[in-house]
1. Do any residues in region 672-698 that are at positive phi have Cβ atoms under 8 Å from those of residues that are among the aromatic types (Phe, Trp, Tyr) and surrounded by fewer than 20 Cβ atoms within 10 Å (Cβ to Cβ), where the two are at least six apart or on different chains, and which pairs are they?
2. So which residues in region 716-733 are under 18 Å from Thr504 (Cα atoms), open to solvent by less than 80 Å² (accessible area, probe 1.4 Å) and in a helix (DSSP H, G or I)?
3. Would you check if there is a residue in region 135-149 being open to solvent by 50 Å² or more (accessible area, probe 1.4 Å), at pLDDT below 75 and either more than 30 Å from Tyr352 (Cα to Cα) or touching a strand residue (DSSP E or B) at 6+ places or on another chain (Cβ under 6 Å) (or both)?
4. Quick check, is Thr335 more than 20 Å from the chain's Cα centre (by Cα), under 25 Å from Ala419 (Cα atoms), crowded, with 18+ Cβ neighbours inside 10 Å and hydroxyl-bearing (Ser, Thr, Tyr)?
5. When Thr579 is evaluated against the numbered criteria (1) within 43 Å of the chain's Cα centre (by Cα); (2) over 23 Å from Gly528 (Cβ atoms); (3) touching a residue at least 24 places away in the same chain (Cβ under 8 Å), which criterion, by number, is the only one it fails?
6. Please list, ordered by first then second residue, the pairs with beta carbon atoms under 9 Å, 6 or more apart or interchain, first in region 430-446 and of a type in the set (Ser, Thr, Tyr), second open to solvent by less than 50 Å² (accessible area, probe 1.4 Å).
7. Take the residues in region 373-421 that are assigned to a strand (DSSP E or B) and among the small types (Gly, Ala, Ser), then tell me which one is nearest to Asp356 (Cα to Cα).
8. What are the pairs, 6+ residues apart or on separate chains, where a residue within region 305-322 that is touching a residue at least 60 places away in the same chain (Cβ under 8 Å) has its Cβ under 6 Å from a residue that is part of a loop (DSSP other than H, G, I, E, B) and among the acidic types (Asp, Glu)?
Amino acid sequence: EMEDGSLIFLFIPPRRTLHPQHSSTYRVQRASFHHTPETTSHCVAIIIIQGGNTGAFKNHFMTTSTSARRQRIMASTFLLAVLRPASRSAAAFSFSRSSPSFAAQQRSLATRAPYLPQLGLRPSALKTTTRLFSTAEQSAADVEAQIATKGDEIRSLKENGIAKPELAPHIQELLALKAKLEELTVSTAEQSSADVEAEIAAKGDEIRTLKESGTAKPELAPHIQELLALKAKLAELTGEAAPAPAPKKEKKKNPPKKQQNTNAKKDESEMSINELRENRLGKVAAMRDAGAEPFAYVYDPNRTASQLTEEYEGKLEPGEEDVNNEHTSCEEEITVAGRIMARRVFGKLAFYTLQDETGTIQLQFDKKRLGERDGDSFKNLKAWTDSGDIIGAKGTIRRTDKGELTLYANEWTMLTKSALPLPDKYHGLTDVSKRYRNRHLDLIVNPSVRETFYKRAKITSSLRRQLDAKGFLEIETPVLHTQPGGAEAKPFETYHNTMDMDLTLRIATELHLKRLVIGGFPRVYELGRIFRNEGISTRHNPEFTSVELYQAYADYHDMMDLTEELVCGMANEVSDSLTLPYGEHTISLERPWRRVTMHDVVKEEIPDFDFDLHDPSTLDAAKAAATAAGVPDVQRCSSVGYVLNACFEELCEPKLIQPTYVIDYPIEVSPLSKPHRSKPGMVERFELFATGRELANSFSELTDPVDQRERFEAQAAKKEAGDEEACDVDEEFLSALEQGMPPTGGLGIGIDRLVMLLTDSPSIRDVIAFPLLKPDA
């Protein structure tokens, strides 16, 4: 019953280094049975096996055999077994995947048979049983061998003068074998790289086990060669070049007179980036010479990868094709477009992985099928395409025998020929600095990065929709200012040549938006870029995005409610829950959020910090208490309010992980906020904190022009004293304020930090598409 292609199950009993868990299913690649001269009651079988836990056999016989026996076993290239006809029991004594030709196996039988008694092949010693499962189709290697044999037979017949009519059956048989090989190639080609990766991992584990057991290097060599062969197979499946072995030194040969397109024959792993670019540009020239355009003008895909995945969810059995588009609403031929991420070519068949903006889809190209529309299509596909190219394809949807959704292409079109290769699949684009500098590559090869910026776009879109729905108008304000204002920050300075003016980039949109409120727009906002010439860290970038909004007839309590509503709305846009992971923490955005005064939160860290903000005599005691708590640089603070703020920033802010409003700030650090209606020395202001960083800032806006002037003058004095972050007196804003501004609540939200929270991103550079970086040395 056992024959080529059969599936067998080998049961392994406990036997030193062999264990029952090594029992596995194998496929018989070759099986040949011979009666030995010594006996007629047993049959010597030559069996070549594929699959299963082959390492268990090698490990067992290398660790339990004598050196002489080990030498014979290592020289063996097939599984030797003795079968007893009645019980089908057998004993396995050697194994190798790399089998010689079948004829060589038969010749080797005569040399193996005399050693059977020495190897312990006695009927009483046969313990391993073989159970036949099923008879399967032959492998592609089997059919190739049969084709070669049949070809030799036909050539021999021709040499002997056999007439054509007598040759015809042989030729028909040869053609049938070739057709069978093509069918088997389809099945073999669909083997996923994951299968080979699993074999590589298993072989690596086996080699490590052998090393730990003290196996010598010469005996490890066959295992290492097998591992390298598996890696080469994986490289072929993924369309990437396998690591090339060190070249052997050869005698120099006279170079040919003409040498053309040497890079095309050179392994890509051996090429420099300039050689790769030259090679690909050579394909661009070849396309144009053939009348094909390598940079298309337009293409009209009618389906994306995600749409196809959704439409065919739970539909089509493995091997089934949707020839008439019965499972899709698309009435035309399915058309997709995207970038080639991997290509695997097997003779007359090719599988490509195509990536568009929604995900990936597999493309299957068949020479015969493509040839129905363009006889050279498959040849050009292999010659012109590389990973990284952007192509379009039309065809029908099918599931492969392994169940993978695939576009079975009828035709393909080059849309953009890539002149440079993609980053290595396994090492990828892992260097953080290179990722930020080459964000286009980062987006191509890292789907999680694309997802982050998809979510960012949804977050800002949601914010605008919510504000628009509440009657807010988005009005743009100037980026170039004659003097900085609206915050305490060092500005970027520039110069306008025509107007002969010194200007700064804006550090806030506040003052211009307030002038719009004064002019009669009760609800205004602007979502835009802010520029501050300050330090860089995981939470600071010189240019960042914020939204500032102002609502007439509201105060900072209204702004707290509005902030919760806006942030929760943005969170719902990109997440199914208001409970979010962030690093090692779990953040709950469920309302209401905690509200605590700055004074109270500082007292949680310094219980005896209870000083009158209006009493200068308490300044020294406040500094002493802060210094004792480990707060640095408090000796430079000029008031108790500054000491309180320093204590908060040093001791409290990093510990505010859950959303928390810190309210009621000292007047010294809030020059644009209205004085607190019941707490002298304080202002009506809050900052929102989460994950240990500030996310939002809000005031009951100052509307008294006299008070505002006094605070501006105090800021100007600080600037004169050398404070680069202090602002000057803004006469234009004061003039507008004297016209009268209604009671107003103002709110500013840092969009980048909010996106960090909602996408679980550790650095602000992860959520800014092109962060500012120093030039690459």
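The values are calculated or read from the model by the stated rules, or taken from the named source; none is laboratory data. Because the structure is predicted, anything quoted here is derived from the model rather than measured. Positions of Cβ are backbone-derived with ideal geometry, glycine not excepted, and every protein chain shown enters the neighbour counts. Note: areas computed on protein heavy atoms with side chains; ligands, DNA, RNA excluded. Shrake-Rupley method; radii C 1.70, N 1.55, O 1.52, S 1.80 Å.
1. Listed by first residue and then by second, the contacts come to Thr691/Tyr582.
2. Within region 716-733, Ala716, Lys719, Phe733 qualify.
3. The answer is yes; a qualifying residue exists.
4. It is true that Thr335 is more than 20 Å from the chain's Cα centre (by Cα), under 25 Å from Ala419 (Cα atoms), crowded, with 18+ Cβ neighbours inside 10 Å and hydroxyl-bearing (Ser, Thr, Tyr).
5. With respect to (1) within 43 Å of the chain's Cα centre (by Cα); (2) over 23 Å from Gly528 (Cβ atoms); (3) touching a residue at least 24 places away in the same chain (Cβ under 8 Å), Thr579 is out only on (3).
6. Thr430/Pro423; Ser433/Leu773; Tyr436/Asp442; Tyr436/Asp766; Tyr436/Ile768; Tyr436/Pro771; Tyr436/Leu773
7. Out of the qualifying residues, it is Gly392.
8. From residues that are touching a residue at least 60 places away in the same chain (Cβ under 8 Å), the pairs are Pro318/Asp401; Gly319/Asp401.
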